[in-house]
Number of protein chains: 2
Amino acid sequence: MKVLITGVDGYSGWPLALHLLNRGHDVSGIDNLITRKRVAEVGSHSATPIASMTRRIQAVHKHLGKTLRFYRGDLCRWEFVRQVVRKERPDAIVHLGEQRSAPYSMIDVHHAVETQVQNVTSTLHILYAIREESPKTHLVKMGTMGEYGTPNIDIAEGFFEVEYLGRKDRVPFPRQASSWYHWSKVFDTGDVMLANRLWGTAATDVMQGVIYGTRTPDIDRPEFLTRFDFDEVWGTALNRFCVQAVLGLPLTPYGKGRQRRGFIALEDSMQSLTLAVENPASQGEYRVFNQFDESYSVTDLAQMVVTATREDLHHEAEIHNSYNPRVEAEEHYYNPHHENLLKLGYRHSRTLRQSLTEILTDLEKFRSRLESHREVVMPRMDFRTPDNRKPLHIPG
Amino acid sequence: MKVLITGVDGYSGWPLALHLLNRGHDVSGIDNLITRKRVAEVGSHSATPIASMTRRIQAVHKHLGKTLRFYRGDLCRWEFVRQVVRKERPDAIVHLGEQRSAPYSMIDVHHAVETQVQNVTSTLHILYAIREESPKTHLVKMGTMGEYGTPNIDIAEGFFEVEYLGRKDRVPFPRQASSWYHWSKVFDTGDVMLANRLWGTAATDVMQGVIYGTRTPDIDRPEFLTRFDFDEVWGTALNRFCVQAVLGLPLTPYGKGRQRRGFIALEDSMQSLTLAVENPASQGEYRVFNQFDESYSVTDLAQMVVTATREDLHHEAEIHNSYNPRVEAEEHYYNPHHENLLKLGYRHSRTLRQSLTEILTDLEKFRSRLESHREVVMPRMDFRTPDNRKPLHIPG
């Protein structure tokens, strides 16, 4: 199949390109390489030394004997998006090319606006480009489990049957996002739903949990490494805990650390997206996948990192709960459903504990890249402060 | 009280300024006058001959003996918004300054992006300006009943208590908008909810029905007239039916005409917004008002216009159902709740039938302005077509 990946230079986009190429698909990609700049903007870099896009493409050619067609450009430029879609007319577009950090969106008003404007604009451009240039293209759009928030009821897979005052309907599951970034993903979801109603655009809307891991089986040589962020703005809690453990710093869960989230291994996220691409939604169909395997609390994660540090790195790590910069329930019910990927044959391939060995081993290898940036892994932000670039007063 | 109105040059903004001034409030306003340009862009103009903003302000001074402080500028410019809010530090901001036409947002990709980007940016700027410059300001934000769509259950007032798989929670009522514009209002709602959670911003979120009318008691001289749009892009169905009736053209409900919506008189919308301003949400409170009086189907409206034409203008009008350019259920359940304004003392002041006499009489007065633009009142758009500026094939 012909697959176009937006955000092909990113943490997921790059291993997805490798995976689809290895499975024999014809892959092209779009990126403006802005995540590299944005991570530099907050004073950080990838823990893994990643190759430039040019070197990545050369390595694909040399080692896989394949061609990855790369279009460097901005999804916020309509003519660029339209021309790429017209040229490629892909079977599927996997849309990963968005600003993906909640803390980045909370830095100040400009980062809030930038996140929502760019994410919404890029999705609208892709929807219109599909409609105008390639109406049969199946859109696989990356959303987040964070769109749902943490209601005190089970979280359905996109839609739920509800009874209210004696009448019933199947309606979208309510969204309650907790950052400007997470709302931008809700906005995308609304626009994709509408394009499906207006034009019958075939769409798979992926509500993804937090991804973890430094490796997939396709990442089997240094040029194929994908990025791994560990600073407070771009790294996930698990990534920060792993780097803190390697550096001998305390692990810093926010608040009580009982916030639960759904998680999935990088390799299994690739499996899921591939299943979505290879088993496309039909014309007129809009389907939602809650894409995660297991849910853990932040404290669960920290404790697993402590254990893995002892067993794999042979030293101790400590947990110091820190001030919670986020506006979120610290103790809550959490039972999201995830059936739709299982129906397509999805199987969980590895546990978080197995991945931790791999992550910590990789991070040990690149320790000097962490040592030189050890200040960015400790908490400094506060979502309640409208300008996080001003010096912060951190309570507690 | 000190009240800042964004979109003060608009259909609702201008009579709201007059009403609040007449009630003794200290009123300021922001506008970039872009609606006048956008209506000209689609080849139309206001049925009522409206004064320029400069003349409006002079008339307020001369006839009411009051000063309306006017800031001409764009809500998408952060420094402008921040400086006005810093200077005014109002008790309330009534935020009406958005692109408000669903068909305009459906013209093509650029109008879709413009609508969503500008509406979301302006709301984020206002939220941050309140947080940074005037944190006690109460935000009254204009949304639309169209955010809810037409589910097969009662529509709650913002939130509903739901039982799902044996557990209960109070969650936002699901949103199912049917244009890029309507989604932009859902996006605003999400952002206002989040600002309230992050910073405790006091907010009243108004889900307003379709407004009708050419007059309020405050519009008692020609300089005080507010705009009245009648073209397919900017005019409501009712406005178009009235103008069609005056011009002796057939009334053109879309499709079966059984689509039901909530309606409210311009005068009663002013009453509602004033109640919201004078009875503010408290710090930390986020409340939702479903702001409409009665619901009618499009056919009900057309038939009432036929009757009013016969009784008030003494001629006949015919109904010709036309192709439905929108993607909407043409027959559906519709029972939205509206309790919260009643609790504040809201009373419906006039019926739609009474308003129709006034609208038709006013339109007769300005007949030459309608005659010169008669082509813009007939249906031409198709929401299913991604570029409505290309020549349209209208089925049926």
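Just so it is clear, none of the values below were taken in a lab; they were calculated from the coordinates. Computed from a prediction, not measured in an experiment: that's the story for all the values here. All Cβ positions, glycine included, derive from the backbone under ideal geometry; neighbour counts span all protein chains shown.
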Just name one of B:253, B:152, B:176: the one whose Cα is farthest towards the positive end of the charge dipole of chain B (beta-carbon charges, Lys/Arg +1, Asp/Glu -1).
-> B:176
Ranked from fewest to most other Cβ atoms within 10 Å of their own Cβ, B:16, B:165 fall in the order B:165, B:16
For A:163, A:132, what ranking results if the residue with the fewest other Cβ atoms within 10 Å of its Cβ goes first?
-> A:163, A:132
Treating the beta-carbon of each Lys and Arg as +1 and of each Asp and Glu as -1, no other charges, what is the dipole magnitude of the protein assembly as shown about its Cα centre, to the nearest 20 debye?
-> 1360
When only Cα pairs under 8 Å and 6 or more residues apart are kept, what is the percent relative contact order across the range A:219-332?
-> 38
For each of A:373, B:315, B:111, count neighbouring Cβ atoms within 10 Å of the residue's Cβ, then give the residues from fewest to most.
-> B:315, A:373, B:111
Shortest first, in nm, what separates the label point of residue B:372 from those of the same position in the other copies (7 Å along Cα→Cβ)?
-> 7.0
Can you run phi through the Karplus equation (6.51, -1.76, 1.60; θ = phi - 60°) for the range A:169-175 and list ³J(HN,Hα) in whole Hz, with x for Gly and Pro?
-> 7, 9, 10, x, 5, x, 9
Using the scaling law 2.2 N^0.38 Å as the reference, what is the normalised Cα Rg of the range B:187-270?
-> 1.47
Out of all DSSP beta bridges with both ends in chain A, state the antiparallel percent to the nearest 5.
-> 20
Principal axis dimensions, largest first and in whole angstrom, of the range B:49-99 by Cα | 33, 24, 16
With Cα springs under 10 Å, the Gaussian network model of chain B assigns the largest mean-square fluctuation among B:379, B:325, B:217 to B:217
Candidates B:64, B:33, B:127; GNM for chain B (alpha-carbon contacts under 10 Å) flags as most fluctuating B:64
Under the Karplus relation 6.51 cos²θ - 1.76 cosθ + 1.60, θ = phi - 60°, what is the ordered set of whole-Hz ³J(HN,Hα) values for the range A:241-251, x standing for Gly and Pro?
-> 4, 4, 5, 4, 5, 4, 7, x, 8, x, 7
hull vol. (C-alpha, convex hull) per residue for the range B:2-377, Å³ -> 131
Over chain A, calculate the relative contact order: mean separation of alpha carbon pairs under 8 Å at least 6 apart, over the residue count, as a percent.
-> 20
Report the one residue of B:296, B:117, B:366 whose Cα lies farthest in the direction of the positive end of the charge dipole of chain B (charges on C-beta: Lys and Arg +1, Asp and Glu -1; origin at the Cα centre).
-> B:117
Which value, in nm² and rounded to one decimal, describes the direction-averaged projected area of the C-alpha convex hull of the protein assembly as shown?
-> 32.3
Here the correct list, in nm and shortest first, of distances from residue B:349 to the same site in the other copies, label points 7 Å along Cα→Cβ, is 6.7
Phi angles of the range A:196-208, converted by Karplus (6.51 cos²θ - 1.76 cosθ + 1.60, θ = phi - 60°) into ³J(HN,Hα) in whole Hz with x for Gly and Pro, give 4, 6, 5, 10, x, 3, 6, 9, 10, 9, 9, 9, 8
Extend 7 Å from the Cα of residue A:168 along its Cα-to-C-beta direction; within the range B:118-161, residues with backbone N under 16 Å of that point are B:152-154
Using only atoms on other chains, find how many Cβ atoms lie within 10 Å of each Cβ of peptide A:112-121 and report the average.
-> 5
Provide an ascending nm list, one decimal, of label-point separations from residue A:136 to the equivalent residue in each further copy; define each label point as 7 Å from Cα along Cα→Cβ.
-> 6.5
For a label point 7 angstrom out from the Cα of residue B:374 toward its Cβ, which stretches of the range B:309-340 have the backbone nitrogen within less than 19 Å?
-> B:309-310, B:313-321
GNM result for chain B, Cα springs below 10 Å: residue of B:183, B:199, B:234 fluctuating most strongly | B:199
Only Lys, Arg (+1) and Asp, Glu (-1) charged, at Cβ; chain A dipole about Cα centre in debye | 900
Could you tell me the convex hull volume per residue, in Å³, taken over the Cα atoms of the range A:226-381?
-> 131
Could you give the size of the charge dipole of the range B:2-124 about its Cα centre, using +1 on the Cβ of each K and R and -1 on the Cβ of each D and E, expressed in debye and rounded to the nearest 20?
-> 580
Can you give the Rg to Rh ratio for the range A:1-82, taking only C-alpha atoms and Rh from Kirkwood?
-> 0.98
Whole-number percent relative contact order across the range B:282-375, with pairs defined as alpha carbons under 8 Å at least 6 apart | 41
Taking alpha-carbon centroids only, the range A:217-271 lies from the range A:1-65 a number of Å equal to 18
